[in-house]
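The values are calculated or read from the model by the stated rules, or taken from the named source; none is laboratory data. Nothing here was measured: the structure is a model prediction, and the numbers come from that model. Note: ideal-geometry Cβ built from the backbone for every residue, glycine included; neighbour counts use all protein chains shown. Note: areas computed on protein heavy atoms with side chains; ligands, DNA, RNA excluded. Shrake-Rupley method; radii C 1.70, N 1.55, O 1.52, S 1.80 Å.
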Amino acid sequence: MTYLLFARWFGLVSVILSLGILFNLEDALEMAKKMVKSETGYIMGGVLPVIFGSLSLLFIDCYGVCWNMVITVVGLAMLLAGIYRVIFVRQWKALISRHIEQVPFLFSLFGLMFGVILLYVGFMA
């Protein structure tokens with residue numbers, strides 16, 4: 001798997017999931033409230049970003065300023081967010097609980113931004 005294939009795949013998944021959340025914000029809010037209180041939130045919020053972030057870092061083959069760096073930055077951001085969520089579970093749950101009303105929209109917004117950037121890198125750059 002090359003970085004282009006990873007960018008295409010992850011960009012497409014990100015855009016599809018983000019649009020699904022954006023068109024169903026009320027349902028996404030209810031799911032977010034339930035996920036914060038269960039193990040599902042731990043897996044979705046911490047473990048999956050660690051897996052996908054570390055996977056994207058495996059494809060680093062350009063250490064200068066190039067389009068591959070976008071994938072590296074996205075992967076590094078995911079890995080760091082996942083590590084924070086796995087190590088500091090209590091703080092992460094408290095932060096999410098305080099801002100639960102904004103979580104689905106922001107998740108969708110950032111997912112769309114990452115997805116569009118990755119699709120651009122995967123198909124155009």
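Let me check something: with ligands and nucleic acids excluded, how do Val103, Val116 order by accessible area (1.4 Å probe), largest to smallest? Could the numbers behind the result be given before it?
On the way: Val103 40, Val116 90 Å².
From most exposed to least exposed: Val116, Val103.
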Folded to 0 to 90 degrees: helix 3-22 orientation relative to the chain principal axis, Cα:
30 degrees
Pairwise label distance in nanometres, Tyr84 with Lys37, each label 7 Å out on the Cα-Cβ vector
2.6 nm
For Val65, Val86, write out the residues from largest to smallest accessible area, computed with a 1.4 angstrom probe and no ligands counted.
Val65, Val86
Simple SL model, points at 7 angstrom along Cα→Cβ for Leu55 and His99; separation in nm is 2.6 nm
The distance between the Cα centres of region 1-61 and region 71-125, in whole Å, is 8 Å
Of [x] 1.27; [y] 1.50; [z] 1.09, which is the value of Cα Rg over 2.2 N^0.38 Å derived from the coordinates here?
[z]
Give the residues of region 23-54 whose amide nitrogen is closer than 12 Å to a point set 7 Å from the Cα of Leu5 in the direction of its Cβ.
none
Karplus 3J(HN,Hα) series, Hz, for region 85-95 with 6.51 cos²θ - 1.76 cosθ + 1.60 (x for Gly, Pro):
5, 7, 7, 10, 4, 4, 5, 5, 4, 5, 4
Residue-level accessible surface for Leu76, protein heavy atoms, 1.4 Å, Å²
80 Å²
Note to self, the chain gives a 222 nm [θ] from helices alone (DSSP H runs n ≥ 4, -39500 (n - 2.57) apiece, / all residues, nearest 500) of -25000 deg cm²/dmol
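What number comes out for accessible area per residue over the chain if the probe is 1.4 Å? Units Å², please. If you can, show how the numbers build up before the last one.
Working: 7950 Å² over 125 residues.
I get 64 Å² per residue for the chain.
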Of every hundred units of 1.4 Å-probe accessible area on region 30-88, the number belonging to carbon and sulfur atoms, as a percent, is 75 percent
